Amino acid sequence: MSRDDEGAPGPNRSEPQESGESQDPSLVHRIRRLVTTQPYGVLATHGGGQAYGSLVAFAFTEDLREAFFATPVATRKYQLLSQNDRIALVVDNRPEHADRMMDVEAITVTGRAREVPHGPDRVRGADRLVARHPQLRSFVAAESCALFRIEVVRFLHVTRFQEVRQWLPGDS
Amino acid sequence: MAAGGQLIVPLGEAGDAPEDLVGGKARGLGRLLAAGYQVPGGFCIATGAYERFIREAGLGDAIQLELGRKSFTEMRWEEIWDAALRIRLAFLRSPIPPELADPIRQAHAHLPSGPVAVRSSAPGEDGIRGTFAGLHESVTDVRDGRSLLNAVRVVWASLWSDAALLYRRELGLDVDRSRMAVIVQEFVEKPVSGVAFGRDPRSPEEDRQILEAVPGLCEDMVSGAVDPDRWTLERSSGKVLHWRPGQRGQGDPEPLLVPEDVASLHETVLSVETLLGYPPDIEWTGRGAELTLLQARPVTSPAKRDDERRWYLSLRPGSGRLSDLAERVAYELIPALEAEGKGFAADELRAMDDPELAEAILVRHEAHDRWKRIYREEFIPFAHGVRRFGQYYNDAVRPTDPYEFVRLLENQPMFASLRNDALAHLAEHVRREPSLAGWLERPEVVEGITRRDSWKMVAAELPGIPGGEAFRHAFEEFLDEHMNLTYQDEPLDDRPDLILNIVRQLATDGGEGLPPTRGGYAEGSGDDVQSREERFLTAVGPERREEALEVLQIGRLSWRLRDDDNILMGRLRNQLQHAVALAAQRLEGAGRLPSGGRVKSSAAETLAEALRNPDGGPVRLEEPGKMAVSGGSRGSAEMSEHREDPGITPRQLVGQPAARGLVTGKVRVIRSTEDFQAFRKDEILVCDAIQPTMTHLVPLASAIVERRGGMLIHGAIIARELGVPCVNGLPNVTDLLQDGELVTVDGHLGVVTVGPPEFDLERKGER
């Protein structure tokens, strides 16, 4: 006999399944949903042995391999990024689930953030960022504002408080 | 009229109160009281009190944490039970704030002195669309204020009982919205009690009423402890169509109710139906002028028979049934199962001619089927003895650790621990004799031994080696005594190579040997079993000491036997498999069966038939020689995604912390006996479920990771006994993890972290 029935039946023996229970959407779908519904994330930078965090408005490309944000050149984060382009960006949906911790989702994006020099690339990137955040049009256009492109290396997705999966957009 | 913020509603006023506030049951009782029926007096603790308690104790977060751990569809019944146990303990450990406790005490003080009953009354619970009787808890015979507050917490917590969680969809259970009112009533105990159905729940369209009666308390009938007398009446006329005496072991049965009682109940049911507007399901006690109604709710049809959840709920036998089961399982069934297995093992199958072998197969096959049935009907329900003790212990002691009760059950002589001790002795043999260790490493031993016959040939050299003869003897005894089990239709006593692999590794591990067979779950406290037991009995109190001792005793028996019964079942199956394998061998020799591959024991009858008909020609098996590899994977959305997209990998998996400890090591996924062979000391054993037939691997493992979840399942028990960290209840884990992968198993938090925290990808192209 199957040893699976020790104590009580296992799922091999038709566990109660409810057809109505929503299926978990795919990981990529979840990541896409998060970065399209959440406008802001915390950008982590570091320099001189010191970690630093800043809230930024971002916009991702459709394939989720790149994201854009803007910062004035006089900022601490600009300084740090000029020294070291390795960053992390944390995006989460806390405001939607303030009292339901298990429903909170977060991603940590790792990669490199490089300033986009003036030219057609910058125009395209700035258009993308402004399309997502129309209120930032003049901010992004300002001469003292730098546009950065994040080249995404990986997404670490956290849900149910501790469940973590990794997605490498470059591998798919 | 009760107002929204009111915490206490007198039962006499509950009939007019909104259901949101007092629940359906209190409302029904209130209406009966107001209409002049005899109903025990009392009061209702309104839903607002539950809400305040939950809010102030922060219990909403605790419930969410329990229920959000993983997708509910992935949760096994045992995991649901575990979640309910932890929620109940969290409720019991949270104090009721004075602004709630004081009014409850005051209302209690206004009742006539004497014991009270505390019952659930959840809004929606008794709604006309569905009654799920027995999902929530009732506490009877509550005698003082302190017990009353405990009972109220138990009833509140039962909003999240295992049964309620199973039916959460029908109940619309939701942390933010679900609430529970509580009824506190005088506890009425009359010589006869029962239920009465306004219509036959099994066929409500027919002109029938059903009455049931038991001596004593109604609870005894509802819990199934006492079989009731049953009357079937014609609904329209009250005429008795049929009477069936309850099976209560008495001599010549006399009906518990006289015709006047039956007639008065019939009338009462009809008048209650007119009052409430639906055919009621009434609980009553006392007869004639003493007839008292305990509750009235709509009759509902019994759940569909194919609803597996009903079976899960039947796995919680009441105390009377558990005592009977304990007696029968321990003193009749287990000895009989052991004797039958031994009897089969003594048969000389090879000496039998074909018809004799056919007969032997059929006898074994029948025995195996019979024991499978007994296993399902009696062994599995008896396993509830452990769970019942756990809840009983937690209710009394209210420990910080919900599984502290396990310490009172552990360290009993189980087959699995005897086997591990024997394995340790074999390793010790080898460790003492370097020449024996050398022999074990020789190529003809490592490569040449596969089955029992090749072992016999190679082991013929052993008498010439110091300690060799003693080792040979002990090893063969080990195979016969401890490995007479079958894993995936393969008799393990015919795989000496698997055990040699383990002995070799245990013997060369630098002398530290096996971990001691000792509870790994118990943390810190050096108190012995005796003082723990005393602490438990003190918490229960002198009045219930006898009851507590019985619950503990049954818990211990249940703990020990739930492992032993598996091993004994394995032995029986092993004997069937040996006979089937021999039959297949003979039929192959006769050219009637294609050779190669293992034949499943499910082919027993076909093979026996073939042996009986020597001229029967080729034998056709449904799946000749094909062995299903168990993996337990069920391809969830995440899993299929994982396979499709190589870019997605798990980084941290969350399960149950089944045995404490923190270990990093390499994964070895066990899917077949070949993986047994490949297993190396200190690897992390990853499998669908640790089965009693593979526990011999556990001493080699540095940690265990299982798909199957539960704090009290076999793997968790063995892991704790051996002090090996264990995380279980991880969906699809045998597919998500791969051999050789580095993982960290955190048995404290129930988390498995995959891979080191590296940034190699981010650094690519640098330096």
Subject >> Shielding of B:647-660 by partner chains, average beta-carbon count, 10 Å >> reply: 4
Original post:
Roughly how many Å is it from the Cα centre of region A:129-148 to that of region B:675-689, as a whole number?
Top reply: 56
**OP:** Report the extension gain between B:LYS681 and B:GLU605 in nm, rounded to one decimal, defined as 0.36 nm multiplied by the number of residues separating them, less their alpha carbon distance.
**Re:** 23.3 nm
Subject >> Part-to-part distance (alpha-carbon centres) for region B:317-391 and region B:553-623, which is given in Å >> reply: 17
**OP:** Please give the FRET efficiency for B:GLN505 paired with B:ASP480, using the beta carbon to beta carbon distance and R0 = 30 Å, rounded to the nearest 0.05.
**Re:** 0.85
Original post:
Can you give the % of DSSP beta bridges in chain B that are antiparallel, to the nearest 5?
Top reply: 85
**OP:** Take each of the peptides B:27-37, B:285-295, B:233-243, average the number of other beta-carbon atoms within 10 Å over its residues, and list them starting from the highest.
**Re:** B:27-37, B:285-295, B:233-243
Original post:
Across peptide B:73-79, what mean number of C-beta atoms from other chains lies inside 10 Å of a residue's C-beta?
Top reply: 5
**OP:** As a check on your grasp of the helix formula, calculate [θ] at 222 nm for chain B: sum -39500 (n - 2.57) over DSSP H runs of n ≥ 4, divide by the residue count, round to the nearest 500.
**Re:** -13500 deg cm²/dmol
Original post:
Around B:TYR487, which amide H atoms from residues at least 5 apart in sequence, or from another chain, sit under 5 Å from its own amide H, with H modelled in the peptide plane?
Top reply: B:LEU492
Original post:
Of the heavy-atom accessible surface of the protein assembly as shown (probe 1.4 angstrom), what whole percent is carbon and sulfur?
Top reply: 50
Original post:
In degrees from 0 to 90, rounded to the nearest 10, what is the angle of the helix B:415-432 Cα long axis to the longest principal axis of chain B?
Top reply: 30
Original post:
Efficiency by 1/(1 + (r/R0)^6): what FRET value for B:ASP102 and B:ASP227, r their Cβ-Cβ distance, R0 = 35 Å, to the nearest 0.05?
Top reply: 0.20
Subject >> Whole-Hz couplings from phi, Karplus 6.51/-1.76/1.60, listed for region B:42-55; x for Gly and Pro >> reply: x, 9, 10, 8, 5, 4, x, 5, 4, 4, 5, 4, 4, 5
Original post:
Suppose every K and R has +1 on its Cβ and every D and E has -1 on its Cβ; what is the size of the dipole of the protein assembly as shown about the Cα centre, in Debye to the nearest 20?
Top reply: 2740
Original post:
Which length gain, in nm to one decimal place, applies between B:ARG432 and B:ALA35 when the Cα-Cα distance is subtracted from 0.36 nm times their residue separation?
Top reply: 134.3 nm
Original post:
After finding the eigenvalues of the alpha carbon gyration tensor for region B:192-299, what semi-axes result from the square roots of 5 times each, listed largest first in whole Å?
Top reply: 21, 15, 13
Subject >> 5 angstrom amide H check on A:GLY111, placed H, neighbours 5+ away >> reply: A:ILE87, A:VAL153
**OP:** Round to a whole angstrom and tell me the spacing of the C-alpha centers of region B:456-510 and region B:21-91.
**Re:** 56
**OP:** Please give the average number of partner chain Cβ atoms lying within 10 Å of the Cβ of each residue in B:710-718, rounded to a whole number.
**Re:** 2
**OP:** Would you kindly calculate the translational diffusion coefficient of region B:8-186, applying Stokes-Einstein with the Kirkwood radius from alpha carbon pairs, for 4 °C and a viscosity of 1.567 mPa s, and quote it in µm² s⁻¹ without decimals?
**Re:** 79
Original post:
Hey, any idea what Rg/Rh is for the protein assembly as shown, computing Rh the Kirkwood way over Cα pairs?
Top reply: 1.03
**OP:** Nearest 100 Å² is fine: how much accessible area is buried between A and B, summed over both sides, with a 1.4 Å probe?
**Re:** 5000
Subject >> Mean Cα-pair separation over length for chain A, i.e. relative contact order, pairs under 8 Å, 6 or more apart, % >> reply: 22
Original post:
Which ³J(HN,Hα) values, rounded to whole Hz and listed in residue order, are derived for region B:196-213 from phi using the Karplus coefficients 6.51, -1.76 and 1.60 in 6.51 cos²θ - 1.76 cosθ + 1.60 with θ = phi - 60°, glycine and proline given as x?
Top reply: 9, 10, x, 9, 5, x, 7, 8, x, 6, 7, 7, 9, 10, 10, 10, 9, 9
Original post:
Roughly what would the spin-label model give for A:ASP103 and B:ASP615, points 7 Å off Cα along C-beta, in nm?
Top reply: 7.6
Subject >> Base-10 log of normalised Debye intensity for chain B (one unit scatterer per alpha-carbon) at q = 0.05, 0.10 Å⁻¹ >> reply: -0.33, -1.11
Subject >> Two-site label geometry, B:TYR278 and B:GLN412: point separation in nm, points 7 Å out along Cα→Cβ >> reply: 4.4
Subject >> Mean separation of Cα contacts under 8 Å, 6 or more apart, over the residue count of chain B: relative contact order % >> reply: 11
Original post:
In debye, nearest 20: dipole of chain B around its Cα centre with unit charges on the Cβ of K, R (+) and D, E (-)?
Top reply: 1040
Original post:
What nm distance separates the two modelled labels at B:GLU170 and A:ALA74, each placed 7 Å from Cα along Cα→Cβ?
Top reply: 6.9
Subject >> Percent of beta bridges antiparallel (DSSP, region B:652-766, rounded to nearest 5) >> reply: 60
Original post:
For region B:652-766, what is Rg from Cα atoms divided by 2.2 N^0.38 Å, rounded to two decimals?
Top reply: 1.04
Subject >> Mean shadow area of region B:81-232, taken as a quarter of the surface of its Cα convex hull (nm²) >> reply: 10.8
Original post:
Too long at a 26 Å Cα-Cα cut-off: which of B:LYS70/B:LYS764; B:LYS25/B:LYS239; B:LYS372/B:LYS600?
Top reply: B:LYS70/B:LYS764; B:LYS25/B:LYS239
**OP:** Would you tally the net charge around A:PHE60, using a Cβ to Cβ cut-off of less than 9 Å, leaving A:PHE60 out, and scoring K and R as +1, D and E as -1?
**Re:** +1
Original post:
Ranked highest first by average number of other Cβ atoms within 10 Å, how do B:538-545, B:674-681, B:146-153, B:311-318 line up?
Top reply: B:146-153, B:311-318, B:674-681, B:538-545
**OP:** Could you sort the residues of region A:105-124 by number and keep only those whose accessible area is reduced by 20 Å² or more in the all-protein-chain setting relative to the chain alone, 1.4 Å probe?
**Re:** A:THR110, A:ARG112
Subject >> Surface per residue (accessible, 1.4 Å probe) for chain B, Å² >> reply: 40
**OP:** Starting with the highest mean, order B:378-390, B:608-620 by the number of other Cβ atoms within 10 Å, averaged over the residues of each peptide.
**Re:** B:378-390, B:608-620
**OP:** With +1 on each Lys and Arg Cβ and -1 on each Asp and Glu Cβ, and nothing else charged, work out how big the dipole of region B:429-516 is about its Cα centre, in Debye to the nearest 20.
**Re:** 260
Subject >> 3J(HN,Hα) from dihedral phi, region B:578-593, Karplus parametrisation 6.51/-1.76/1.60, rounded to Hz, x for glycine, proline >> reply: 4, 5, 5, 5, 5, 4, 4, 4, 5, 5, 5, x, 7, x, 9, 9
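The values are calculated or read from the model by the stated rules, or taken from the named source; none is laboratory data. Predicted model, so just to flag it, every value in this text is computed and none were measured. We place every Cβ from the backbone using ideal geometry, glycine too, and count neighbours over all the protein chains shown. Ligands, DNA and RNA are stripped out before the accessible areas are found, and what is left, the full protein with its side chains, is counted by its heavy atoms. Shrake-Rupley method; radii C 1.70, N 1.55, O 1.52, S 1.80 Å.
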